[in-house]
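A.B. asks: Could you have a look at this structure, given as structure tokens, before my questions?
The values are calculated or read from the model by the stated rules, or taken from the named source; none is laboratory data. All values derive from a computational prediction rather than experimental measurement. All Cβ positions, glycine included, derive from the backbone under ideal geometry; neighbour counts span all protein chains shown. Just so you know, the surface numbers come from the protein's heavy atoms only, side chains and all, with ligands and any DNA or RNA stripped out. Shrake-Rupley method; radii C 1.70, N 1.55, O 1.52, S 1.80 Å.
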Amino acid sequence: MSVEDILAAENELTHLLGAQQAVVLSTRIRLARNLEGLPFPGWAKIPQRKEIADQCVGALEALPKFRRAHVVRMSELGDRDRAVLVERHLVSKELAAGKSGAAVISRDQTCSVMVNEEDHLRIQVVKAGWHLRGTWHIAEQLDDALGGSLKLAFSDRLGFLTACPTNVGTGLRASAMVHLPGLCLAGHMDKVSRALNQDGLAVRGWLGEGTEAAGNVFQISNQQTLGLSEEAILKHLGGWIKNVVEQEWNARRKLAQEEGEKFVDRLSRSLGLLRSARLLTSSEAMNMLSHLRLACDMGCLPEERRHLVDRLMIEGQPAHVQARAGQELDSDGRDRRRAAVVREALKDFPDLVPPSA
Amino acid sequence: MSQPLKCSLCEEAATVHLSQVVHGKVTKVHLCEACAQKGGAMDPAVFQLADALTTASPAPTLICPQCGFTDIDFRKRGRLGCPSCWETFGDVLGGLLRKVQHEPSHVGRTPAGASPVGRLRRRLDDARREMEKAITGEDYEVAARLRDEIAVIEQQLATS
């Protein structure tokens, strides 16, 4: 089993020093694809789902991008390992909840393809920071390679056919994971969300649909997939992300200016608390790590510390804490362990200085 | 829209539709509620079925020949059964797509190795429409450009 390998491996989101950026944590592209002539996973019988998994996993393993890839079958994983994959965004909650799903994950964890989720194939590509074109380019190449070896369900009129009418056409969901403490602190997030919703974009919490925005982290993605070209979808999202990033910076600058010493004090307190807490809940950790990330972006902490903050945001989640400890832990046990990991990671963090940004 | 079916026994509108397999043949009977109840008094089998139909959910009107998925299943799950369902339920889905999607037809990528015929045909339709509009608007320069493009596409379609 390779979930331990996945956790141990240096990868795009948790280790790539220098790739992390202010405001945008990561860019993600998802393509929904299905095989012709086979029922969608939700309607397929068990032998059909097995046939789908065999065909798809076989085709994926043959691609150079997935050389030495991790192939994980949900039926072979325990609850904790499945939760780790969900927390890393490598698989969805829906895939983890079923028995016949599988995922093929590239060595560097930038590409993961879910098999037998709502659709036969869900191709995902993720990059740290804001790289819409680069991420799209990788997804496009993977799609072409898969389309060359598998017969994909496609209609001239409706495009790529999917189980749900909200994905048909391009099957494309492009998203950015954004960290918006400035807009949240200024109380503007509701207004921003509404504006995005009205223009066809969805705003969700950290772990996608139906999750709350812990740590001021939001996922912004396109909602419509049919009647717009991939190019148009990317351009629309790109324009809005640029706008949101700008507004976030305005809110941060205004806050820093208006609050003066109080601004640094607030962020410093979070560092102090994280460095000395003995019990830390997951949402408490997320909210204070959000302050540290803001401090890195604003020049209150050295920028090169940002990747460590991002890593703690991912590794501070419940299943990760338990996997690292190598045992099941109750809620207090997790909070104790999380506090210890965070304390250790932050012990040589310097004190905050006034903002330079 | 087709005319509402009439009861097989009287002239009332039929609200109960029965399919029975008799000697290997499917027989369809349409009844109004009153006749269905009356007929049921004489035939216990019909009675039970009619009773069930008037109280339970309606019978499916569309069934995917490929995977057996019905319009009732779609209403329950909000997901389709297989790629062929898109053809079977095309009319039902058309309205939904217009509501949740930008436009009801695809303008993006095709699978690698797929023929670009569909895309050419769509472009041909669009170009013809645009040309008519240009002519109506007396924009002859644009109309001429579109005429040339149409000729090229027709040529490509003829040889593909």
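A.B. asks: Go ahead and estimate [θ] at 222 nm for chain A from helices alone: -39,500 (n - 2.57) per DSSP H run with n ≥ 4, summed, over the residue count, rounded to 500.
C.D. replies: -14500 deg cm²/dmol, from helical runs alone.
A.B. asks: In the structure shown, do any of A:Lys151/A:Lys235; A:Lys235/A:Lys262; A:Lys191/B:Lys99; A:Lys127/A:Lys191; A:Lys99/B:Lys99 have a Cα-Cα gap over 32 Å, and if so which?
C.D. replies: Details: A:Lys151/A:Lys235 29 Å; A:Lys235/A:Lys262 39 Å; A:Lys191/B:Lys99 24 Å; A:Lys127/A:Lys191 28 Å; A:Lys99/B:Lys99 34 Å.
Violating the 32 Å limit, Cα to Cα: A:Lys235/A:Lys262; A:Lys99/B:Lys99.
A.B. asks: OK, next. Which three extents, in whole angstrom, do the alpha-carbon atoms of chain A cover along their principal axes, largest first?
C.D. replies: Projected onto the principal axes, the Cα atoms of chain A cover 64, 45, 31 Å.
A.B. asks: To the nearest 100 Å², how much accessible surface do chains B and A cover up together, summed over both, with a 1.4 Å probe?
C.D. replies: By this definition, chains B and A bury close to 3000 Å².
A.B. asks: Using a 7 Å offset from the Cα along the Cα-to-Cβ direction at both B:Arg98 and B:Ala13, what is the distance between the two label points in nm, to one decimal?
C.D. replies: Label-label distance for B:Arg98 and B:Ala13, simple model: 2.3 nm.
A.B. asks: Excluding same-chain residues fewer than 8 positions from A:Lys254, which aspartates and glutamates have a Cα within less than 15 Å of its Cα?
C.D. replies: A:Glu246, A:Asp297
A.B. asks: Now for a separate question. Which of the aspartates and glutamates could a cross-linker span from A:Lys242 if the Cα-Cα distance has to be under 13 Å and same-chain partners fewer than 8 positions apart are dropped?
C.D. replies: Excluding near neighbours in sequence, the set is empty.
A.B. asks: Can you work out the PRE-style zone for A:Trp249? Point 7 Å along Cα to Cβ, and I want the residues of the stretch A:156-179 with backbone N under 20 Å.
C.D. replies: Answer for this model: A:176-179.
A.B. asks: What residues of the stretch B:122-158 lose no less than 20 Å² of accessible area with every protein chain in place versus their chain by itself (probe 1.4 Å, heavy atoms only)?
C.D. replies: B:Arg122
A.B. asks: On full extension of the chain, what length is gained from A:Ile314 through A:Glu61, given 0.36 nm per residue of separation minus the C-alpha to C-alpha distance?
C.D. replies: Length difference between fully extended and current span is 88.3 nm.
A.B. asks: Separation between the A:Glu36 and A:Gln257 pseudo-spin-labels, each 7 Å from Cα along Cα→Cβ, expressed in nm?
C.D. replies: 6.0
A.B. asks: Also, I was wondering about something else. Could you work out what % of the accessible surface of the stretch A:109-253 is carbon and sulfur, using a 1.4 angstrom probe and leaving DNA, RNA and ligands out of the count?
C.D. replies: Working: 2330 of 4910 Å².
Carbon and sulfur: 47 percent of the exposed surface of the stretch A:109-253.
A.B. asks: For the protein assembly as shown, what does the accessible surface come to per residue with a 1.4 Å probe? Please give it in Å².
C.D. replies: Averaged over the residues of the protein assembly as shown, the accessible area is 49 Å².
A.B. asks: So what are the ³J(HN,Hα) numbers for the stretch A:104-113, from phi and the Karplus equation (6.51, -1.76, 1.60; θ = phi - 60°), rounded to whole Hz, Gly and Pro as x?
C.D. replies: My calculation for the stretch A:104-113 gives 10, 10, 5, 3, 7, 6, 7, 10, 9, 10 Hz in order.
A.B. asks: List the longest stretch of chain A that has no exposed loop site; here a site is one of the GluC sites (Glu not before Pro) assigned by DSSP to anything other than H, G, I, E or B, with at most 13 other Cβ within 10 Å.
C.D. replies: Details: sites that count: A:Glu10, A:Glu209, A:Glu212, A:Glu328.
Result, exposed sites excluded: A:11-208.
A.B. asks: Right, here's the next one. Write out the chymotrypsin sites (Phe, Trp or Tyr not before Pro) in the stretch A:169-255 meeting two conditions: DSSP loop, and at most 10 other Cβ atoms within 10 Å of their Cβ.
C.D. replies: none
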